[in-house]
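Working notes, beginning with the structure itself.
The values are calculated or read from the model by the stated rules, or taken from the named source; none is laboratory data. Here the structure is a predicted model, which means the values were calculated and not measured. Cβ placement follows ideal geometry from the backbone for every residue including glycine, while neighbour counts extend to all protein chains displayed. The accessibility values were calculated without ligands, DNA or RNA, using every heavy atom of the protein model including side chains. Shrake-Rupley method; radii C 1.70, N 1.55, O 1.52, S 1.80 Å.
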Amino acid sequence: MDYPFFPAIAPPSLSPSGPQEDVFQDNRISSPVDGGYMVSRPRYTRNVMGKNFTWVAMTNADYALFKAFALANYANIFIWIDQDTGQPVNMQFVSPPKAAKTLLGYWHVEISIVEA
């Protein structure tokens, strides 16, 4: 199946006000047992990674592309190009994107995505 690509817009911010964060899913099931021990096992057969991204000053033009993409593909899998490796990765949104107009012509946008 062919998935849509995330729009080719300016990359997320790399600054103290807008870090890129890795999201580690809780992949553990644990239960206390007699004797004060804890038994645990993996919840899933694979570890799924996610990321939080922030655009501190996304232009109106980029925001229009992003908004159209998010509205059309919020519930779907899409292809994200990993900025560290340049490799395509199937991703999906974890929660609705957040966007706020900060200055005339610029938007503060936050997304949380996870491997599909």
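Counting only protein heavy atoms, what percent of the accessible surface of the chain is carbon or sulfur at a 1.4 Å probe? Accessible surface attributable to carbon and sulfur in the chain totals 57 percent. Computed packing ranks the peptides 78-90, 48-60, 32-44 as 48-60, 78-90, 32-44, most packed first, by mean other Cβ atoms within 10 Å.
Entry note, the chain: relative contact order of 29 percent, from Cα contacts under 8 Å with a spacing of 6+ residues. Taking the Cα of Arg43, stepping 7 Å toward and past its beta carbon, and measuring to each backbone N in the stretch 60-95: which are under 20 Å? Counting backbone N atoms under 20 Å from the label point, the list is 91-95.
Net charge dipole, the stretch 27-69: roughly 140 debye, given to the nearest 20, about the Cα centre with Cβ charges of +1 for Lys and Arg and -1 for Asp and Glu. Averaging 1/r over every pair of different alpha carbons in the chain and inverting the result gives a Kirkwood radius of 16.0 Å. Each label was represented as a point 7 Å from its Cα along the Cα-to-Cβ direction; for Leu103 and Ala64 these points are 2.0 nm apart.
The Cβ shell under 12 Å around Ile79 holds other residues with a net charge of -3, Lys and Arg each +1, Asp and Glu each -1.
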